[in-house]
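Data first, discussion second: the structure below is written as structure tokens.
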Amino acid sequence: MTNQPFFTTDRDAFIPTDAARGPWDPQSLHGRVIIGLLAFAIEQRHGADEFVPARLTVDMFRLPNLAPIEVTTRLVRDGLRIKLVEAEFFSGGTSMARASCQLLRTTEKPQGQVWSPPNWDVPAPADIPVPTDPRLGMNGKWTTRPIVGAMGTIGPRRLWMSEVRDLVEGAPLTPFVRVAAAADFASPFANAGDQGLGYINSDVTLYLHRLPEQEWIGFEVVNHHATEGIAIGECFLYDQKGPIGTSTVAALAQRKPMAKPAP
């Protein structure tokens, strides 16, 4: 990709670029790049072709600034059918987030049929007009093709999302890093209301039964509930062949308004 990546590298450190800035504070990182970088390190160091990263849980307990980042990983279990990896995200030497990833070996499908929700019936991304509002892609962090619903409306929401920049300079996006970086979008997509986005997510859990096969990731809001400032949201995830998994988030009511994007 020709756009500026979210990170460059300096030996073992990841250096955030301007593109990595988040919506809550212009001097902090976007949640998607935190999740994406943890997924990147886990896959680079512990991934294998015969294993699918079936679950990635990321806890984000501090808001990192633009300081250099180090990611450490630890292989907790290295079995024949299951791997468990832990990773930690350090910004300026301080722990800011951590991840747990369960990788499962692919195998033959058991006999019999099991009920599953039906596949969604939506237009392909190429058949949807390019949106004219740059805010839908947070002014160039990603690109979207809205299907139904929108921020500021109440009701069902569906859209396609695609990346427009690499996560790490010189490292093309893999299917896992692509969907991991996108998974954070479940929070604003599920939790935004008719008065805007009032929740900031503290975690993301991504479940995958297979990796996406194309560049577009589909999001369908299937759950949102909130009580006393604590919210949960969930989206079904798709590629152009069908369902791939889910993204679920926990969120807190945010007292600080979202930063205005630069002109």
Do you know the relative contact order of the chain, to the nearest whole percent, from alpha carbon pairs under 8 angstrom that are 6+ apart? 20
Report the charge-dipole magnitude of the stretch 106-162 in Debye, nearest 20, computed about the Cα centre from +1 at each Lys and Arg Cβ and -1 at each Asp and Glu Cβ. 200
Taking only DSSP H segments of four or more residues, each worth -39500 (n - 2.57), what value at 222 nm results for the chain once the sum is divided by all its residues, to the nearest 500 deg cm²/dmol? -3500 deg cm²/dmol
With the other protein chains left in place, how much accessible area per residue, in square angstrom, belongs to the chain at a 1.4 angstrom probe? 52
Taking the Cα centre of the chain as the origin, how large is its charge dipole in debye, to the nearest 20, when only Lys and Arg (+1) and Asp and Glu (-1) carry charge on their Cβ atoms? 260
Tell me the relative contact order for the stretch 128-263 as a rounded percent, counting alpha carbon contacts under 8 Å between residues six or more apart. 22
Taking 181-190, 73-82 and ranking on average Cβ neighbours within 10 Å, highest first, one gets 181-190, 73-82
Run through the stretch 61-129 and list the GluC sites (Glu not before Pro) located in a DSSP loop whose Cβ has at most 11 other Cβ atoms within 10 Å. E108
Could you point to the residue in L80, T174, L63 farthest towards the positive end of the chain's charge dipole, with +1 and -1 charges on the Cβ of Lys/Arg and Asp/Glu respectively? L63
Portion, in percent, of the accessible area of the chain that falls on carbon or sulfur, probe 1.4 Å: 52
Sites matching chymotrypsin sites (Phe, Trp or Tyr not before Pro) across the stretch 57-93 that sit in DSSP coil, with at most 11 neighbouring C-beta atoms within 10 Å: F61
Please tell me the relative contact order of the stretch 1-154 in percent, rounded to the nearest whole number, where contacts are Cα pairs under 8 Å and at least six residues apart. 18
Counting pairs on different chains as well as pairs 8 or more places apart, how many Lys pairs in the chain have Cα atoms under 22 Å apart? 4
I'd like the distance separating the alpha-carbon centroids of the stretch 188-211 and the stretch 110-177, in whole Å. 13
Protection proxy ranking, peptides 146-155, 35-44, 49-58, average beta carbon neighbours within 10 Å, highest first: 35-44, 49-58, 146-155
Sort D239, D59 by accessible area with a 1.4 Å probe, largest first. D59, D239
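The values are calculated or read from the model by the stated rules, or taken from the named source; none is laboratory data. Note that the coordinates shown come from a computational prediction; the quantities given were computed from them, not determined experimentally. As a convention, Cβ positions derive from the backbone with ideal geometry for all residues, glycine included, and neighbour counts pool all protein chains shown. The area values use the complete protein model at the heavy-atom level, side chains included, leaving out ligands, DNA and RNA. Shrake-Rupley method; radii C 1.70, N 1.55, O 1.52, S 1.80 Å.
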